[in-house]
Amino acid sequence: MSASVVQLGADSPRVLVFAGTGGVGKTTCAAAVARHAAAAGRRVAILTIDPSKRLADALGVEPKGDSFSEAPTGPPLTADAEGLLHVYTLDPQRTFDRLVERFAPDAETLERVFENPLYRQLVTSIAGSAEYAAMERIQELAEDERYDLVVVDTPPATHTLDFLDAPRRLAGFLESRLVALLVQPGLSLGRFSFRLFEGAARRVLGLLERISGLDFLADLSELLIAIQSLTEGLYGRAQHLNELLRSDACQFFLVTGPGTELVRRGQRFLDDLKEAGVPIGGIIANRVREWPGSDAEFESALYAPEETRAALEPELGTEAAAAALELASGYASQVMWDRETLDPIAQRAQQAQWSFCVLPELPEDVHDLEGLDGIGARLVSTR
Amino acid sequence: MVRPSDSPPLRLTPLLRHRLVIVTGKGGTGKTAVAASLAMAGAARGLRVVLAEVGHEEQAPGLIAPGSPGVGYGGREIRPRLRALRVDPFAALAEYIGLQLGGMRLAKAVVDNAGFRQLMAAAPGWRELITLGKLWHLEQRHDGERPDVDLIVVDAPATGHGLTFLDVPRLVASAVRSGPLGRNAREVERLLSDPERTLLLPVALAEELPVRETCELVARLQSDLDIPVDRVVVNAVEPRPIAPDLETLPRRLTDLSTSARTAIRPETIATCIRHRTGRHTLQQHHLEGLAAETGLPLVTLPHRRGGIAGPDDLNALVEPLLAEPATVPS
């Protein structure tokens, strides 16, 4: 009824990004694909950007700050398969630190950045910084020669777009005239001279000073001056990442599920991905209820359960027969609902030639590795 | 505080006696529907309500009043006494700067300045602070003795980001010690931590991952965020499948397989029943785990076949939502 969605071959993409609204099983799908690829002999790094560290849980390892945990691969698919699976959870602080270390021109700049109180606050605690760090981390892993496949589990939908936009925002920020003004050498905002500024920028800075108080502005100015020397490196990095995400080396997968609301969001999410110009690999419809019997039985359960009820009545008793048929036809209409609501997105996939894969709702949650391997086998084909 | 009520039979339950209810939860849990239905309930009970959505989208107005045009930052009354608005950070920033400078013209010039927008687009943190600041400002406004708005319901960002969202005032208050910004951040922080005025309402589903995230959220609220929380809403809870001798029914059906010639085979019916009871058992397991780990009472909302599409669906949620929660899930 549905093909596998991830094709792994010699020329397949290096970076697979799983995206979609929350609660649809994105993390499970990403973990299953990574484990299966490792079982097929790939050297896989999987990264979770979600602030709640669930991916490591799903793969049965302890999350480890900035470094990786080695997770068991699925049972090797071929005798000579020697894959590996490293699980990373994002640590924005360490990722930023590494970036600064890499591009700081000298030890003095490094120290100034690290000791700036605003730097700590910016990189650890404030929304938005995780997205920058995530993008940086993906790039590091994509360049890491230990791995030939990087699987990424993203935060829920609206934030995934912020996240795609992060490198561009960073580049825009670094290029902005206001930053250029703030970081003029020898200028400290604690005692700066407004003569240097013209028009709007002057008003903005005056205002920031008035609203925020000077201790804050002096920190900001210090930080920006220090960061300025990193700019070229950071800027090039952001550009490079923009290109990576929009190249053949990368593929995005939408994870969605049945129901009008999920499908509506999924559709909009596909629109956004298309607009962002990233390559879309396929769609996974998760937790879809499947009918356990034949098509004729399905029709009968939907439209004419009465006949079967009457036949079962002498055997089970009136009440039990009625209840049994009620439960069965109720289940049939749930199955129907799932199929109907998914239809528009399935058709879109067909037209756009994206692969489309249906994962059945299981009577239990997937929380063991065996369950994960079942999903992996359904999602991935190796050529 | 005296509350007006033009429809006496409708009571104000404790949930509606707050000034600010922040609805949060993992994406897909239906937190927008919960926020919308709470706002409708408040307005129906005579409260002047603001329903504030945070983020890029306006979803709640379309649920409450299908086909209604956008509400924007200024907001619009979409039902009697119910004003919906969307907190756009830049609009809120312009308003804030305008208040600081005593005029909107200069504020608009600043916020519309391309360089300034570029700087702010990249700067993290301020969106959260300005958004919460706007909510604080709504809470503060009074018409004489009586507040302009009785109840502010916030459809907040999804859990993971919701936490950073709520943590920002504390961070700013500690980073910026002088000036109006630091003072405002401390005022917002005070509002968020005041149990008389504020309640955080987490929305979960009776599924593994939403339950785990909700437990993490509550743990952080109780350890270092200091924002009042007193119950968890669990959405889309399926009723227990009902049949006499439900446990043995599938077996009895399977045993019939050889003898009965029916359009739907007894085995198929048995599988359907197992599937439904299996999901229900699992759901109960998650509900119990959620109650035990958070130590909070649960409010369960029934699953609506066909999802939540309009005001009728929202109204159906009101009664269970306002009911004081049971400690043990049923």
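Read the figures in this text as sums done on the coordinates, not as results from a lab. Computed from a prediction, not measured in an experiment: that's the story for all the values here. Cβ: placed from backbone, ideal geometry, glycine included. Neighbour counts: every protein chain shown.
Values computed for the structure shown
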{"item": "Amide hydrogen neighbours beyond the local backbone of B:Gly75, cut-off 5 Å, H modeled", "result": "B:Arg86"}
{"item": "Cβ-derived FRET efficiency at R0 41 Å, B:His303 paired with A:Ser381, nearest 0.05", "result": "0.70"}
{"item": "Ordering of A:37-43, A:140-146 by burial proxy (mean other Cβ atoms within 10 Å per residue, highest first)", "result": "A:37-43, A:140-146"}
{"item": "Residues of the range A:11-48 with amide N under 16 Å of a point placed 7 Å along Cα→Cβ from A:Glu82", "result": "A:38-44"}
{"item": "Neighbour-count ranking [beta-carbon atoms within 10 angstrom, fewest first] of A:Ile138, A:Ile280", "result": "A:Ile280, A:Ile138"}
{"item": "Burial ordering of A:Cys250, B:Cys272, fewest other beta-carbon atoms within 10 Å first", "result": "A:Cys250, B:Cys272"}
{"item": "Spin-label proximity, B:Ala323 to the range B:209-245 - amide N less than 18 Å from point 7 Å beyond Cα toward beta carbon", "result": "B:231-242"}
{"item": "Estimated distance in nm for a label pair at B:Asp255 and B:Arg105, the labels positioned 7 Å out from Cα along Cα-to-Cβ", "result": "9.0 nm"}
{"item": "Approximate spin-label separation A:Glu307-A:Glu143, in nm, with each point projected 7 Å along Cα-to-Cβ", "result": "6.8 nm"}
{"item": "Calculated on alpha-carbon atoms, Rg and Dmax of the range B:268-330 in Å", "result": "14.5, 41"}
{"item": "Net +/- balance of residues flanking B:Ile242 in space, Cβ distance below 15 Å, scoring K and R +1, D and E -1", "result": "-2"}
{"item": "Rg/Rg_ref, the range B:69-112, where Rg_ref = 2.2 N^0.38 Å and atoms are Cα", "result": "1.35"}
{"item": "Cα coordinate range in chain B, projected on the principal axes (Å, largest first)", "result": "86, 43, 37"}
{"item": "Simple label model, 7 Å out from Cα along Cβ direction - A:Thr318 to B:Ser174, nm", "result": "7.0 nm"}
{"item": "Taking only Cα atoms of the range B:167-235, radius of gyration then Dmax in Å", "result": "14.5, 46"}
{"item": "Residue mean of other protein chain beta carbons inside 10 Å, A:310-317", "result": "5"}
{"item": "Global form of the range B:167-298, assessed from the alpha-carbon gyration tensor, a/c cut-off 1.5", "result": "prolate"}
{"item": "Order of B:His56, B:His137 under a 10 Å beta carbon neighbour criterion, fewest first", "result": "B:His56, B:His137"}
{"item": "Calculated FRET value between A:Asp11 and A:Asp295, using beta carbons and R₀ = 35 Å, to 0.05", "result": "0.35"}
{"item": "Average beta-carbon neighbours from other chains, 10 Å sphere, peptide B:151-158", "result": "2"}
{"item": "Partner chain coverage, peptide B:229-238 - average Cβ within 10 angstrom", "result": "0"}
{"item": "Per-bin percent of Cα-Cα distances, the range A:1-41 [5 Å]", "result": "5, 18, 28, 27, 15, 5, 1"}
{"item": "Span from the the range B:18-92 Cα centroid across to the the range A:329-343 one, whole angstrom", "result": "31 Å"}
